[in-house]
1. Here is a check on your reading of the model: is B:M328 open to solvent by 70 Å² or more (accessible area, probe 1.4 Å) and outside any helix (DSSP H, G or I)?
2. Restrict the check to the range A:135-148 and report whether at least one residue is over 12 Å from A:R121 (Cα atoms), in a helix (DSSP H, G or I) and over 17 Å from the mean Cα position of the chain (by Cα).
3. May I ask you to list the residues in the range B:273-313 that are free of Cβ contacts under 8 Å to residues at least 60 places away in the same chain and closer than 23 Å to B:M257 by Cβ?
4. Quick check on my filter: what residues within the range A:240-270 are aliphatic (A, V, I, L, M) and over 13 Å from A:S227 (Cβ atoms)?
5. Within the range A:230-257, count every residue that is touching an Asp or Glu at 6+ places or on another chain (Cβ under 6 Å) and not in a loop (DSSP other than H, G, I, E, B).
6. What is the number of the single condition among (1) more than 18 Å from B:Q56 (Cα to Cα); (2) touching a Leu at 6+ places or on another chain (Cβ under 6 Å) that B:E113 does not meet?
7. Residue check: is A:V44 open to solvent by less than 10 Å² (accessible area, probe 1.4 Å), of a type outside the set (G, A, S), more than 14 Å from every other protein chain (Cβ to nearest Cβ) and not in a loop (DSSP other than H, G, I, E, B)?
8. Please enumerate the residues belonging to the range A:214-233 that are at pLDDT 85 or above and open to solvent by 70 Å² or more (accessible area, probe 1.4 Å).
Amino acid sequence: MISIKNLVKHYNNHIALDHINLNVGKGVILGLLGPNGAGKTTLVSILNGLIDFQEGEIEIFGLPLSQELKAIRKRSSFTPQSLALYDNLTVLENLRFFAGIQKIRGKELRHNVDYAVSVNRLDPLLDHKAGILSGGQKRRLNIAIGLLNNPELLYFDEPTAGIDPESRTSILETIRSFKNDGKTVIYTSHYMPEIEKICDQVAILDRGRIIRHGLLDAMLHEEKADSVVIELRHSHEAQLHTLAQKHAMLKVIDAATVMMDEPDATQLGAILAALEEEQIDIKQIRYGTTNLEALFIRLTSQGNCDV
Amino acid sequence: MFKAMLLKEFILLWRDKYALAALFIMPAIFILIMSIALKDTFGGDRALLSYAVIDQDNTAESAKLRTFLLSNGRLKEHKEPITNAAQRQEALNGKLHFIISIPPGLAQNLVKEQSASLLQLDVASDVKQEMLTLVQGELVLGIIRLRMEKIQEELAPFLPDVAQKLEAMKSNRDNLIQVRFNAMGINKKPTSTQQSVPSWIVFGMFFVIIPMSTVFINERKQNTLMRMSAMNISVPVLFAGKLAPYIIINQIQVWLMIGVGIFLVPLFGGDALTLGNSIGGLFMVSLGLSLAAIGTSILIAVTADTVEQATTIGGIINILMGAIGGVMVPKFYMSQSMQQLTNISPMSWGLEGFLDIFLRGQGAGAVITESLTLAGFGAGLLLAAGMILNAKMKRGI
């Protein structure tokens, strides 16, 4: 479905994507994970033909992206993180507009709008202006717009950002259901539990490189689940780096998060005492954290990453 | 595709009451107010200048001079009791434009070969030079008439034939000169409506900048444009999707404003607008103006970062183009250098085109240059906007 070979993208002197190789098969839900600035959005934008790249080859549906962009776009859709819709149009007007500009008409229009509406449970909201919908309802409309061309390949960029847990669950169920229709999904998110819940495969990006790609179950099976993550109430970047120099097993994830691999009671006690000595308030300590999160933190913690 | 874009723009505009007010109600009110306010300036039916006379001569001659001045409809005599310098100064501070003093002995001095000034004219400080010239001319004319009468009286006993001829030559001032305004009937004048409507149509058309840039920036900021781009909508198609609805909106504006000039202004006592001789020319100029206004709007929308920036910049540009282009102050009131400067404003090109049609009664051929210049200007701005938008979208902005 998607084949990426040696993809390179740089902005002036900054390398955004560094020789990316990735293959995604039909009917797969791939979670694209990475810290901020890792290159997730750049990769998705390139796959949608929104930005150019300097080197490499990309094929989607067996078609070269550079030459067959229009044909590829007709069979795929992109749901951006922002709510790309019109607040002053009703739900139905939004759907009809985005269908109209894709030249979807007549019977196909009715069928595809009905499908997008029913999958996203928008039936009672059709006459409501988008501007007065709740955050979750807007997110559902945002997703519905992406279904209007009945795509085989769907890209979702953080589709659940900033919404309540109930709406999130509903949206995740909807996206998971696309697999039953044989659709392929590329899903970027910061929420590890979401990825664990819906994705078959995971690709972890860090500083423009794919540092791990594979089946989620296999990756989790390999990963030990006995790491400890300590979240702090406030940022203490300088103090944490000083502590990390003294205690080799302490890894600084960001200014308010540190992690330890398989600490014993004495080692953990020493770290907690050191934090107390530095008058650093602890928000929470998580033992045996979500496996994917632990893997993610481990893989991306070589630098001072913002998770 | 265009149908969807057209419908979307119309719905968005229809639901934005402020934009509707800016596009349709504001220029209509401008036309109504300016046509009625300037009716007298262009019409000539009401006195524009007020004056008082201090008549220390009090003779038949001074009375004749006053009657002659009153025969000019643009002048109105006020019976102000002015007996001292303080009253004179107070009267000229807002109440009166002029005070004409007729010293004693006017009748005798009229026919003296060398005489001192016959009259004294005090002038308020805000009186324009052309108004002063008008009054001076009237006074000189009045004195010449009095002198002719004197000469006629003196000649009558000796040369009755000549005196009779002189009497026969007396005539109403309006009969002496036949006035014909360019492209109008004899003694017909361009009305304030005919002058105002073109100006405010041009100004109103450029107000599409505000709603258009607001919608466009929201589309950019909310990534709706990016989404459309991912749906195979290219920048030229996107711009075409904006052009079509706003050209229609501009045409609705033009005909609505013309309707205000024809039907509404007369209801409020103003003169009705007449259309001129070329509907085709009218379409050509208004299409050129549409392109220029839409090009300006889209360029502002792609360069500004926020809606607030776009509306502020758009408003300022609109007012500046209007001021420079002769919309707010008619071009003929401006100095020579300012008149030259008007040529840089597209509003001036559009206004000249409309004036050719509405005021000068010209046809489509006369407005080809203005229409093409406006269209070229708009196309140039659209091209620049397209290049900037493409570059921004490629950078993910």
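1. On the way: open to solvent by 70 Å² or more (accessible area, probe 1.4 Å): yes; outside any helix (DSSP H, G or I): yes.
When the stated conditions are applied, B:M328 passes them.
2. Filtering the range A:135-148 down to residues over 12 Å from A:R121 (Cα atoms) leaves A:135, A:142, A:145-148.
When the remaining residues are screened for being in a helix (DSSP H, G or I), the result is A:135, A:142, A:145.
Still in the running and over 17 Å from the mean Cα position of the chain (by Cα): A:135, A:145.
Yes, the range A:135-148 has at least one match.
3. B:I279, B:F283
4. First, pick out the residues of the range A:240-270 that are aliphatic (A, V, I, L, M): A:240, A:243-244, A:248-250, A:252-253, A:255-256, A:258-260, A:265, A:268, A:270.
Matches in the range A:240-270: A:L240, A:L243, A:A244, A:A248, A:V252, A:A255, A:A256, A:A265, A:A270.
5. Residues of the range A:230-257 touching an Asp or Glu at 6+ places or on another chain (Cβ under 6 Å): A:233, A:239, A:254-255, A:257.
Imposing the further condition that a residue be not in a loop (DSSP other than H, G, I, E, B) reduces the set to A:239, A:254, A:257.
So the count comes out to 3.
6. Result: B:E113 fails condition (2) only.
7. Numbers: open to solvent by less than 10 Å² (accessible area, probe 1.4 Å): yes; of a type outside the set (G, A, S): yes; more than 14 Å from every other protein chain (Cβ to nearest Cβ): no; not in a loop (DSSP other than H, G, I, E, B): yes.
When the stated conditions are applied, A:V44 does not pass them.
8. A:L215, A:R233
The values are calculated or read from the model by the stated rules, or taken from the named source; none is laboratory data. Predicted, not measured: the structure shown is a model, and the values here were computed from it. Note that we place each Cβ from the backbone using ideal geometry, even for glycine, and neighbour counts take in every protein chain shown. Quick note on the areas: whole protein, heavy atoms, side chains included, nothing else; ligands and nucleic acids left out. Shrake-Rupley method; radii C 1.70, N 1.55, O 1.52, S 1.80 Å.
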